[in-house]
Amino acid sequence: MNGSTLADWRRALQVHSDPAALLHEWLDRLHNDDPAWITLIDHQALTLELERLARRRATSPGVLPLAGIPFAVKDNIDVAGMPTTAACPEFAYIPEVDARVVARLRDAGAIPIGKTNLDQFATGLSGTRSPYGVVPNSFDPNFVSGGSSSGSASVVARGLVPFALSTDTAGSGRVPAGLNNIVGLKPTRGRISTHGVVPACRSLDCVGFLTQVVEDAVELATITEGLDIADCYSRSAPAALPKLPAHPKIAVPESPEFFDDGLAAASWERTLGELEEAGARCIPIDFGVLDEVAALLYEGPWVAERAAAIGPFLSVHANSLHPVVASIIAGAERWSAVDAFQGMYRLAKLTREASGLFDTVDILAVPTAPIHVRIESMLADPIILNSRLGRYTNFVNLLDWSAIAVPAGLRDDALPFGITFIGPAWHDLLLCEWASRWQARKTPPLA
């Protein structure tokens with residue numbers, strides 16, 4: 001059984017004479033030495049999960065839309081009884097309760113079967129900053145997987161599970177989705193509770209979903225959304241949500257940057273033509289204001305929020321951090337409270353300017369990642385190349401926008417090329433509607 005989609009798993013569980021045996025057989029195909037995993041459940045734990053599900057079915061028949069479907073969880077999100085490491089062994093703890101998003105998935109019948117590798121403390125976009133190993137690209141192991149949700153993207157791209165939870169602060173769900181040819185939904189900030197998630201930048205963090213098809217991401221977001229008073233950033237969707245026109249106007253960068261990657265540039269030009277064929281009107285615009293916003297995330301005081309997130313641990317265990325992660329968080333020391341307020345004022349001004357982009361267009365579209373990077377190159381130049389991967393993702397959360405990354409075909413070197421559709425807050429469903437129409441025109445190959 002390959003876990004490509006929710007529909008695939010529902011069919012398999014329905015027709016199999018012994019669904020429990022199917023899940024145990026499937027678990028035998030997963031391996032602890034796979035760098036995508038940090039923790040996997042064993043057969044005893046799976047039996048306990050199935051017994052719990054049987055009790056739920058007995059008391060709540062017909063209301064378990066994900067009954068028996070396994071999923072993976074990025075290891076900065078709590079699953080009761082499984083270690084949460086955030087890719088730092090010295091930080092590890094065993095939570096007694098699930099993160100809210102995991103609890104809601106379990107309430108729908110889904111089974112969390114393992115915790116996935118990540119760039120330590122979700123600090124990075126490469127998938128190379130973990131003591132548990134480098135997660136390779138699922139199409140070519142010489143290239144990075146993208147991060148920080150590297151393991152989650154890998155297990156979905158290889159069909160090991162139908163979906164995985166990610167987190168996204170600066171592109172940590174979207175970048176690995178694009179580099180591994182899968183869907184990565186970054187919902188509106190606060191739509192999905194982050195209660196039980198180890199924070200990166202708490203005011204910006206989002207829980208996202210990695211899937212093979214857009215429809216699955218929509219279903220999962222619908223199941224897990226909702227106000228959670230335990231999360232002070234949680235919020236409810238407005239009553240009236242925007243609709244998508246039949247022929248949307250899509251803003252694209254007038255001078256896209258691919259850092260001399262000609263194959264990516266060629267794929268982007270092909271993709272623009274396909275967008276027009278799909279019924280969109282592509283309008284080149286100046287993305288300068290978005291570049292200014294993106295610079296604030298790593299060149300401004302928001303880096304101090306990463307230090308705030310793990311401050312007590314950092315003060316005692318600074319030597320346990322990955323050296324690249326440590327160098328980034330150490331940059332917090334040069335920012336003052338005055339700098340933080342000035343950064344907020346600057347962001348407010350840029351946000352107002354950036355919101356004007358949607359006065360004349362319905363959606364923004366960008367390359368999900370402008371380059372593919374070899375692992376050896378990333379290890380040699382971890383800051384600059386990591387920054388390039390986030391060229392088209394870093395500004396989204398700061399602006400309180402929503403986004404979905406979807407496959408756009410393979411490049412001439414057989415590596416994936418992805419496109420991301422971006423809209424204001426609460427435009428998630430509008431973006432997903434268009435992304436679904438887009439994906440229906442293409443058949444993305446599995447790794």
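Quick note: the coordinates plus some simple rules give every number you see, no bench work behind them. Model, not experiment: these values are computed from the prediction. Note that each Cβ is placed from the backbone with ideal geometry, even for glycine, and that neighbours are counted across all protein chains shown.
Per-structure values
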{"quantity": "Tensor-based shape of region 90-247 (alpha-carbon gyration tensor, a/c under 1.5 rounded, otherwise prolate or oblate)", "calculated": "oblate"}
{"quantity": "Surrounding net charge for R235, when Lys and Arg each add one and Asp and Glu each subtract one, Cβ distance under 12 Å", "calculated": "-2"}
{"quantity": "Selected from L241, L30, L385 as most flexible by GNM, with the chain as the system and alpha-carbon contacts under 10 Å", "calculated": "L241"}
{"quantity": "Rounded if a/c under 1.5, otherwise prolate or oblate - the chain, Cα gyration tensor axes", "calculated": "rounded"}
{"quantity": "Selected from A239, A414, A45 as most flexible by GNM, with the chain as the system and alpha-carbon contacts under 10 Å", "calculated": "A239"}
{"quantity": "Farthest positive-ward along region 179-287 dipole, Cα basis, beta-carbon charges - from G273, G190, P284", "calculated": "G190"}
{"quantity": "Positive-pole candidate from S149, P95, L314, dipole of the chain, charges at beta carbon", "calculated": "P95"}
{"quantity": "Lysine pair count for the chain [Cα-Cα under 21 Å; pairs on different chains or 8 or more apart]", "calculated": "5"}
{"quantity": "Relative contact order (%) - the chain, alpha-carbon pairs under 8 angstrom, separation at least six", "calculated": "17"}
{"quantity": "Helical mean residue ellipticity (222 nm; -39500 (n - 2.57) per DSSP H run of 4+; nearest 500) of the chain", "calculated": "-11000 deg cm²/dmol"}
{"quantity": "Net charge of Cβ neighbours under 9 Å - reference G109; Lys, Arg +1; Asp, Glu -1", "calculated": "+2"}
{"quantity": "Percent RCO, i.e. relative contact order, over region 301-447, from Cα pairs under 8 Å lying at least 6 residues apart", "calculated": "19"}
{"quantity": "GNM result for the chain, Cα springs below 10 Å: residue of T224, T167, T116 fluctuating most strongly", "calculated": "T224"}
{"quantity": "Mean separation of Cα contacts under 8 Å, 6 or more apart, over the residue count of region 373-433: relative contact order %", "calculated": "26"}
{"quantity": "Cα gyration tensor category, rounded, prolate or oblate, for region 197-306 with a/c compared to 1.5", "calculated": "oblate"}
{"quantity": "Ranked by how many other beta carbons lie within 10 Å on average, peptides 342-351, 402-411, 372-381 from highest", "calculated": "402-411, 372-381, 342-351"}
